[in-house]
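See structure below.
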Amino acid sequence: MRNRAFTLGVINGALVMVVASMVRPDLVLSAFVLRLTSSTFLAALPTALMHLGGLWPQLIVAHIAEGLPRKKPIYIISNASRILSLMAMALTAYLLGEESPVLLATLCLFCFFVYSSGCGGSGIAFMDIVARTIPATRRGSFMGLRGFYGGALGLGAGFFVRYMLGSEGLAFPLNYAALFTTAAIFLACATSLFAAVNEPPAVQKKERGSFREHLQRGVASLREDDNYRLLVVVRSLMGTIAVGQVVFIPYAIVGLSLPDSIVGVLMILAACLSLPANFLWSHIGDRHGNRLLILIAGAVYLAAPVLALTSSYLPTWSTGGWLPAEYDLRALTFVLAFVLGAAGMRGAMMGSTNYLLEIAPDERRPSYMAFMRVLQAPSALLAPLLGGIVADLISFQAAFALACLAGAVTLALTVKLKEPRQTNAAK
């Protein structure tokens, strides 16, 4: 049963990575909204909506999930809402065209919010199923292989996005309608595969208490579990690095005068780096623990705003003709910043997720996951909005500097996390 769950989960992850690439809020949707509105602040809004949509269902879904022996129905229903939302985005782009840019942006952002809300519901169910079907010592490999094959497919997705958003692709906004349609198809396939996993019932099936009792248990977990409380703080601060990340595409297109096809180029390069990086992250997590993984990957993630800030002060030296003229020294430094940030963020999320699965009691796991995500809400929601406002009113450099500060504080607190495997071995 576990081998079947492992295999189906890996294939599911690879397909989901393609979906995430096609509607990535800080790349594809940021360029889409920027094209429609010419506003850096609004271009940062998809990332904020992704976090808001993913966070608000957490406590409700976790409360329902804790009273269910199996969580697969929640996963299927949540993903169905995501598929329908993507289809609605594609249809809206096809029907409205460029005639009503503000209306098109508004409707697509609303649909993306619904899509993100489905992510919040499916994520709780998915991780609980993984925790009961994949052993702790194989979760690093599981996540790593999902990322590896997802990176391989993401490489193809990057070429597809580059083609669609380039001069050879469909006219705007039909090119984005094609991306949204493709994402819906891949998500339907991914959902069908994971629905075939044989989910065992929860170890402790208990009667679900009231929602108030559910909240009280969550508060008690934060008060009593020092490691869990610190992990929540680390994840919250890690989200503030998005102050710089969310303006990467506006900076590339407006600040560096790169074409819209840079979105596909960045996806291709990030996918290429993710292939070896995922094996490195999974090796560190499995062999040396997820605390070390969070620390190392977090340092790589911090390199992104540092390099982006540096790029803005570099001279516009040519690459000597071996690249298009617009890819000067500043642009190449920015590209390096993006791909390192993508790899580092993936490793940090992998490490913190698996770390949480190790410290959370089986019967409380949905609540542990939900409360952590809900408590991340202030930073997850405000950081993208703050990044857009700072970039619009002050400069891109100011947004990158804030991200550097947030990353430094995050690393300082990550060092204080305890390794749960050593704690368990001592008991």
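The values are calculated or read from the model by the stated rules, or taken from the named source; none is laboratory data. It should be emphasised that the depicted structure is a prediction, and the values quoted were computed from it without experimental measurement. Here Cβ is always computed from backbone atoms with ideal geometry, including for glycine, and neighbour counts include all displayed protein chains.
Things to note:
- Ala171 being of a type outside the set (Ser, Thr, Tyr) and either touching a Pro at 6+ places or on another chain (Cβ under 7 Å) or touching a residue at least 12 places away in the same chain (Cβ under 8 Å) (or both): no
- Some residue of segment 363-377 being in a helix (DSSP H, G or I) and polar (S, T, N, Q): yes
- Index of the failed condition, Arg229 passing every other in (1) more than 17 Å from the chain's Cα centre (by Cα); (2) in a helix (DSSP H, G or I); (3) in contact (Cβ under 8 Å) with a residue 24 or more places away in the chain: (3)
- For the criterion of being of a type outside the set (Val, Ile, Thr) and touching a Gly at 6+ places or on another chain (Cβ under 7 Å), Leu293 passes.
- Residue within segment 103-114 that is outside any helix (DSSP H, G or I) and touching a residue at least 12 places away in the same chain (Cβ under 8 Å) present: no
- Options Ser141, Ser116, Ser122, Ser221; residue that is crowded, with 16+ Cβ neighbours inside 10 Å, touching a helix residue (DSSP H, G or I) at 6+ places or on another chain (Cβ under 8 Å) and either among the β-branched types (Val, Ile, Thr) or modelled with pLDDT under 75 (or both): Ser221
- All conditions in (1) modelled with pLDDT of 85 or more; (2) farther than 13 Å from Ser261 by Cα; (3) surrounded by 21 or more Cβ atoms within 10 Å (Cβ to Cβ) hold for Tyr176, with the sole exception of (2).
- Within the option set Leu357, Leu405, being more than 22 Å from Leu42 (Cβ to Cβ), free of Cβ contacts under 8 Å to residues at least 40 places away in the same chain and in a helix (DSSP H, G or I) holds for one residue only, Leu405.
- From the list Gly140, Gly147, Gly158, Gly151, the one residue that fits, being in a helix (DSSP H, G or I), of a type in the set (Gly, Ala, Ser) and touching a Cys at 6+ places or on another chain (Cβ under 8 Å), is Gly151.
- Subset of segment 1-29 (residues that are within 18 Å of the chain's Cα centre (by Cα), of a type in the set (Gly, Ala, Ser) and over 22 Å from Thr47 (Cβ atoms)): Gly9, Ala14
- Counting the residues of segment 266-322 that are modelled with pLDDT under 80 and over 16 Å from Phe148 (Cα atoms) gives 7.
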